[in-house]
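Read through the structure below, which is laid out as C-alpha cells, and then see the notes.
The values are calculated or read from the model by the stated rules, or taken from the named source; none is laboratory data. What you are looking at is a predicted structure, and each value in this text was computed from that prediction instead of being measured. Using ideal geometry, Cβ is built from the backbone for each residue, glycine included, and neighbour counts are taken over all protein chains shown.
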Amino acid sequence: MKIGLWGASITLSISLLLAGCAMSSAPPPADAMRADVAGYQLPRLPAAGKALVYVVFVEAWYGSVGFDVFLDGQTPAYAVGRNSGGQYFHFELEPGEHRIFSKGEKWAELPITVKAGDVVFIRQELQMGTMEARVVLVPLDELEGKYYVSKLKPGQAFAALEAGAPLPQGTERSLSAGEVFTGKVTGGNLAKGVGFSNINIKLLVTPEGGEPETFFVRSDSKVYDASGRPLDYQEAFKTYGKRVEIHHFVIRDATGGQPGRTDFEYEIGHKGVREMRILDQ
C-alpha cells in the first residue's frame, strides 16, 4: 500500500462528517453532571499567584485533526497547546487581561480576565466552514468544565517555555526537552508546496495503546534505518506499518525545510521531524 494514497480523501471525509454530524455535543442536564463529578478532583489546580485555564475539545468523532490554542498572540511562539477530538489540556497564566486564540478555517478569539487562583474552562466548539471546519471559543461554567475534563483524554500542552512567552529569533520550541515519540506509522500522505516544487511527508504515528499523532518529515529532517544508516528523507514515504522513533519540534516557518521558501505555511504549529529512526527492517 502506498503512503501517497492514504490522505487522498481526508478533506472530503471530514466535510461529510461535518455535514452529517451535529456540530455541538450537548452536555447532560445539570443534575446529572453534578452527580457525575461528585468527588472528582481536577488533574491540576493553579500554582500560587497564577490562574489556570482548561481547554476542552468535546467532539471525539472528529478524530486526530488538531486545533492549536494561542495565548496573547497568533504566531507559533504564542502556542500553548493543541487538542484533537475528545481531548483537553491546561496551561497557567498571569493574573490580568488576556486574549485566547484558536485557528480553524478562521481565527477564533476570546478575551478573558483572571485573578490569582482562578480556574477557567474554555471549549473549542466546531462550526461548519466553507472548505474546512471552523472552531469557536466558548467559556464554560465550572460544572460543565469539570464534567468535560473528567470525560476527555489529555491533549498536548506546549510546556517548554512559559505560556505565551515569545521565542528568541531563530530558535524552536520543543514539546518538552529531549522528548522522543515512538509508535507505528498508521497513515499519512504527501505534503506538497506550490506546484509540487517541494515535497514533505505527513505521517500519522500511533503509540501502543495511544492516539495517533501527526508529524511532518521535511527536507531538513534526518532519517535513519534500523542499523543507523542515513536515508533520504523521502524514504519516510515507505514506512507504513513500521515502528519509528521520532525526535520532534514545533514548526515555526513556512520553508518546508528549504530556506527561503514561503509555501508551507499550513505546517506552522505542527510537529516537524528533527530525526527519525525506522525501528523495523
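Data for the structure
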quantity: Residue that is modelled with the highest pLDDT, among those in the range 96-136 that are surrounded by fewer than 17 Cβ atoms within 10 Å (Cβ to Cβ) and hydroxyl-bearing (S, T, Y); calculated: T113
quantity: Per-region count, the range 207-220, residues modelled with pLDDT of 90 or more, surrounded by 16 or more Cβ atoms within 10 Å (Cβ to Cβ) and of a type outside the set (V, I, T); calculated: 5
quantity: Single residue of W61, W107 found to be under 20 Å from I251 (Cα atoms) and within 19 Å of the chain's Cα centre (by Cα); calculated: W107
quantity: Given (1) assigned by TED's automatic domain parsing to the domain that holds Y147; (2) over 16 Å from the mean Cα position of the chain (by Cα); (3) of a type outside the set (G, A, S); (4) at negative phi, number of the condition D72 does not satisfy; calculated: (4)
quantity: Any hit, the range 234-248, residues being of a type outside the set (F, W, Y) and farther than 16 Å from V185 by Cβ; calculated: no
quantity: In the range 26-39, the residues that are outside any helix (DSSP H, G or I) and surrounded by 11 or more Cβ atoms within 10 Å (Cβ to Cβ); calculated: P27, P28, V37
quantity: The range 190-215, residues that are part of a strand (DSSP E or B) and either without any contact (Cβ under 8 Å) to a residue 12 or more places away in the chain or out of contact with any Leu (no Cβ under 8 Å at 6 or more places or on another chain) (or both); calculated: L190, A191, K192, L203, L204, V205, T206
quantity: So E162, is it touching an Asp or Glu at 6+ places or on another chain (Cβ under 6 Å), part of a loop (DSSP other than H, G, I, E, B), at pLDDT below 85 and surrounded by fewer than 17 Cβ atoms within 10 Å (Cβ to Cβ); calculated: no
quantity: D280 touching a helix residue (DSSP H, G or I) at 6+ places or on another chain (Cβ under 9 Å), more than 17 Å from N189 (Cβ to Cβ) and either touching a residue at least 12 places away in the same chain (Cβ under 8 Å) or exposed (fewer than 14 other Cβ atoms within 10 Å of the Cβ) (or both); calculated: no
quantity: Candidate set: the range 222-262, residues that are aliphatic (A, V, I, L, M) and in a loop (DSSP other than H, G, I, E, B); chosen: the one farthest from V273 (Cα to Cα); calculated: A226
